[in-house]
1. If you go through the range 329-342 one residue at a time, do you hit one that is part of a loop (DSSP other than H, G, I, E, B), of a type in the set (Val, Ile, Thr), on the phi < 0 side of the Ramachandran plot and in contact with a strand residue (DSSP E or B) (Cβ under 8 Å, 6 or more places away or on another chain)?
2. In the range 151-171, which residue that is in contact with a strand residue (DSSP E or B) (Cβ under 8 Å, 6 or more places away or on another chain) and in a loop (DSSP other than H, G, I, E, B) is surrounded by the most Cβ atoms within 10 Å (Cβ to Cβ)?
3. So which of Ser153, Ser109, Ser118, Ser149 ends up being modelled with pLDDT under 95, of a type in the set (Ser, Thr, Tyr) and either closer than 25 Å to Gly253 by Cα or out of contact with any Pro (no Cβ under 9 Å at 6 or more places or on another chain) (or both)?
4. Please count how many residues of the range 66-87 are assigned to a helix (DSSP H, G or I) and touching a strand residue (DSSP E or B) at 6+ places or on another chain (Cβ under 9 Å).
5. Quick check: is even one residue across the range 249-261 in contact with a helix residue (DSSP H, G or I) (Cβ under 8 Å, 6 or more places away or on another chain) and free of Cβ contacts under 8 Å to residues at least 40 places away in the same chain?
6. Anything in the range 106-158 that is over 21 Å from Tyr78 (Cβ atoms) and charged (D, E, K, R)? List them, or say none.
7. Is it true that some residue in the range 317-327 is more than 30 Å from Val225 (Cα to Cα) and in a helix (DSSP H, G or I)?
8. Would you mind finding the one in Arg90, Arg27 that is in a helix (DSSP H, G or I), buried (at least 17 other Cβ atoms within 10 Å of the Cβ), out of contact with any His (no Cβ under 7 Å at 6 or more places or on another chain) and touching a residue at least 12 places away in the same chain (Cβ under 8 Å)?
Amino acid sequence: MDIAREETCLITGGCGYFGYRLATHLRKNGVKVILFDVIAPKNDGLDGITLVHGDIRDYEQVLSAVSGVDCVFHVASYGMSGREQLKPSRIEEVNVDGTHNVIKACVQSAVPRLVYTSTFNVVFGGQEIRNGDENLPYLPLHLHPDHYSRTKSIAEMAVLKANGTTLKGNPGVLRTCALRPAGIYGPGEQRHLPRIVGYIENGLFRFVYGKPSSLVEFVHVDNLVSAHALAAVALAAPANHRAAGQAYFISDGRPVNNFEFFRPLVEGLGYSFPRLRLPIGLIYFAAFLIEMVHRLVAPFYDFQPLLTRTEVYKTGVTHYFSMAKAETQLGYLPREYDLDDVVQWFRCRGHGRKPRNDGIGRLLVNLLAIAAFMIALLSFLPVVGS
């Protein structure tokens with residue numbers, strides 16, 4: 001079952017990677033689409049898609065954008081990874097205040113359906129989870145080690161609580177649901193994959209960490225698009241609003257070791273996969289030190305951290321979830337993908353190992369980098385006898 005062709009859908013954060021991919025899917029199926037974002041799309045081919053420049057932190061802009069809309073996909077967020085994770089005030093403004101603006105505007109403008117893009121992290125905070133389901137409780141807010149996960153949890157709770165709210169000037173009510181995706185991948189993804197490829201090409205991907213048996217999950221962008229389209233349908237009257245008030249874990253349904261998942265990318269670009277494996281505790285401590293340094297120097301130099309604590313446990317600690325509820329209630333059936341199209345995407349843009357004659361120079365750079373890291377690490381240790 002598809003979204004009705006005569007409907008109009010609005011996507012917050014619609015000019016981002018996933019938002020735009022969702023927009024093109026909906027448009028190909030005859031749905032009118034409005035993109036609401038603070039940035040302009042990097043892609044061409046906006047025929048039949050309306051772009052509204054706006055900020056979800058501004059209620060009046062959100063209210064104006066959702067007028068006359070049949071379904072809102074609230075995708076916009078901030079602080080998922082890297083240095084963005086270390087900017088708490090903006091994370092709060094976008095993820096919490098922005099979501100409240102979206103909910104309020106939907107009620108005010110009598111928008112009947114709201115699909116929220118959440119995250120695994122609303123229940124995960126570094127503890128092992130094997131084949132978890134939607135009956136798991138939210139992780140207590142004070143246990144979240146990062147602002148992004150905490151604010152996404154607050155926002156999801158607000159969205160689901162708003163389910164059943166009476167619409168202004170309309171006898172109907174607002175129907176809401178939340179999708180909790182794993183890490184997104186696909187050709188053209190701009191948040192995680194370029195950062196990983198940068199580390200590979202700059203010689204920084206020299207070790208892995210955690211247990212070889214640790215398992216995490218990913219979701220191909222097209223599977224996530226499918227889940228969102230199905231959720232919008234499952235909120236509507238013909239489907240008896242069966243998704244209303246519900247949350248769903250969404251992934252490819254194939255738990256895998258995080259580093260083994262990226263092996264085809266590393267080797268596909270012509271690089272050797274690292275053999276050195278370090279304890280996750282050591283890497284977590286190093287990430288903590290990096291965050292402390294960032295906090296001190298960010299006002300002068302907002303550098304990209306190599307890793308944050310959240311990224312360490314998201315990549316090194318087992319956590320995966322059952323797709324049974326999404327399959328049963330949404331009809332979600334993930335297709336199987338690999339990284340071949342991702343490798344080709346990067347290769348077509350000039351990435352990949354090239355012949356080099358600077359082996360000694362690169363070795364010296366690596367040794368200096370390791371020495372600097374060890375000096376920084378040792379500087380935080382107590383001095384004996386002082």
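1. Going residue by residue through the range 329-342, those that are part of a loop (DSSP other than H, G, I, E, B) are 331-339.
If we keep only those that are of a type in the set (Val, Ile, Thr) too, we end up with none.
Among the residues of the range 329-342, not one is part of a loop (DSSP other than H, G, I, E, B), of a type in the set (Val, Ile, Thr), on the phi < 0 side of the Ramachandran plot and in contact with a strand residue (DSSP E or B) (Cβ under 8 Å, 6 or more places away or on another chain), which makes the answer no.
2. Of the range 151-171, the ones in contact with a strand residue (DSSP E or B) (Cβ under 8 Å, 6 or more places away or on another chain) are 155-156, 159-160, 162-167.
Right, trim to in a loop (DSSP other than H, G, I, E, B) and you get 162-165, 167.
Numbers: Ala162: 22, Asn163: 19, Gly164: 13, Thr165: 16, Leu167: 16.
Filtering the range 151-171 for residues that are in contact with a strand residue (DSSP E or B) (Cβ under 8 Å, 6 or more places away or on another chain) and in a loop (DSSP other than H, G, I, E, B), the one surrounded by the most Cβ atoms within 10 Å (Cβ to Cβ) comes out as Ala162.
3. Values: Ser153 fails: modelled with pLDDT under 95; Ser109 fails: modelled with pLDDT under 95; Ser118 fails: modelled with pLDDT under 95.
From the options Ser153, Ser109, Ser118, Ser149, the qualifying one is Ser149.
4. We begin by selecting, within the range 66-87, every residue assigned to a helix (DSSP H, G or I); these are 66, 82-86.
Subsequent filtering for residues that are touching a strand residue (DSSP E or B) at 6+ places or on another chain (Cβ under 9 Å) retains 66.
Total meeting the criteria: 1.
5. no
6. Arg113, Glu128, Arg130, Asp133, Glu134 - these are the residues of the range 106-158 that are over 21 Å from Tyr78 (Cβ atoms) and charged (D, E, K, R).
7. Our first condition is that a residue be more than 30 Å from Val225 (Cα to Cα); within the range 317-327, this holds for none.
No, that holds for no residue.
8. Details: Arg90 fails: buried (at least 17 other Cβ atoms within 10 Å of the Cβ).
Only one candidate passes the filter, namely Arg27.
The values are calculated or read from the model by the stated rules, or taken from the named source; none is laboratory data. All values derive from a computational prediction rather than experimental measurement. Reconstructed Cβ throughout: ideal geometry from the backbone, glycine too, with neighbour counts over all protein chains shown.
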